[in-house]
Amino acid sequence: MDKVCAIFGGSRGIGRAVAQLLAQKGYRLAIIARNMEVARATAGDLGGDHMAFSCDVAKEHDVQNTFEEMEKHLGRVNFLVNAAGINRDNLLVRATTEDMISQLHTNLLGSMLTCKAAVRSMIQQQGGAIVNVGSIVGLKGNSGQSVYSASKGGLIGFSRALAKEVARKKIRVNVVAPGFVHTDMTKDLKEEHFKENIPLGRFGEPLEVAHAVVFLLESPYVTGHVLVVDGGLQLIM
Ligand code: NDP
């Protein structure tokens with residue numbers, strides 16, 4: 001059977017690095033993001049027979065359409081990576097309801113919607129694997145990130161529950177929880193201010209997280225696991 005992987009948030013950052021590794025391993029990929037131009041450029045850079053799709057994960061209709069289109073053009077999806085995510089960091093007292101909703105909708109509801117669509121397809125294929133990209137702050141919490149932490153903590157609870165729900169259908173669900181990683185999401189952070197608190201003394205690179213994602217996608221006896229990839233940050237948080 002073809003290995004077909006849908007990567008939501010695959011156009012940039014961690015998702016893009018996952019795409020690079022999976023392309024080298026012979027997967028057929030769907031690179032999915034809101035900005036079609038960037039998604040198409042990423043799919044093109046990978047070489048081979050990959051496709052780009054435009055989709056806002058927070059919109060159920062978009063997610064359903066994307067799965068229909070993927071099935072039409074690539075075949076059934078048997079691997080799913082949820083790397084689409086946003087942050088709107090702020091102290092809770094300053095956070096707007098709009099920012100709360102957009103983080104919860106993109107980071108949590110979005111992954112629920114993509115998992116629901118993927119699991120339906122995986123049940124018919126009698127197997128599949130999902131990796132959701134959480135965050136260390138979903139386990140530890142972080143000041144100025146209460147809503148973002150809630151979205152990622154929720155994602156961990158959701159993933160573990162879903163892992164139980166679908167295990168008998170030979171579908172595995174795992175989480176990678178990164179610390180600070182060099183991507184657009186962290187480009188405004190001054191690494192100097194943070195690195196002395198990171199045991200390994202630096203931010204991570206997208207490919208370093210991507211290796212953990214691929215490991216979980218391809219580990220047939222691992223499910224319901226949260227793999228922390230944070231340079232040791234959790235040791236001191
Ligand atoms: P980037 O900002 O580099 O990339 C985010 C990706 O998600 C882009 O492809 C973006 O494309 C896509 N995306 C964002 N919103 C949506 C949406 N509503 N629908 C579809 N796609 C969307 O982020 P990272 O690579 O850093 O983050 C990847 C994941 O890792 C996120 O879930 C993030 O929370 C998590 N993470 C990141 C950390 C870090 O330090 N970088 C640390 C811990 C966790 P487009 O804008 O075109 O939609």
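For this structure, a couple of remarks:
- Too-long pairs where the Cα-Cα distance tops 21 Å, listed order kept, from Lys25/Lys152; Lys116/Lys170; Lys140/Lys195; Lys116/Lys187: Lys25/Lys152; Lys116/Lys187
- Translational diffusion coefficient (Stokes-Einstein; Kirkwood radius from C-alpha pairs) of the chain at 25 °C, 0.890 mPa s, in µm²/s: 139 µm²/s
- Protection proxy ranking of 35-43, 194-202, 177-185 - average other beta-carbon atoms within 10 Å, highest first: 177-185, 35-43, 194-202
- Computed over the alpha carbons of region 132-226, Rg followed by Dmax gives 14.7, 47 Å.
- Neighbours of Cys115, meaning other residues whose beta-carbon lies under 14 angstrom from its beta-carbon, give a summed charge of +4 when Lys and Arg score +1 and Asp and Glu score -1.
- Taking a sphere under 9 Å around the Cβ of Gly224 and counting the other residues whose Cβ falls inside, with K and R at +1 and D and E at -1, yields a net charge of +3.
- Whole-Hz Karplus values for region 139-149 come out as 9, 9, x, 8, 4, x, 9, 4, 6, 4, 4 Hz, taken residue by residue from phi with 6.51 cos²θ - 1.76 cosθ + 1.60 and θ = phi - 60°; glycine and proline positions read x.
- On the principal axes of its alpha-carbon atoms, region 1-56 has extents of 29, 18, 17 Å, going from largest to smallest.
- Distance from the alpha carbon centroid of region 146-186 to that of region 17-77 works out to 20 angstrom.
- Square roots of 5 times each gyration tensor eigenvalue, C-alpha, region 33-161, largest first, Å: 28, 17, 13
Readers should treat all values here as calculations from the given coordinates under stated rules, not as data from a laboratory. What you see is a predicted model, and the numbers here were worked out from it, not measured in a lab. Glycine also receives a Cβ, built like all others from the backbone with ideal geometry; neighbour counts cover every protein chain displayed.
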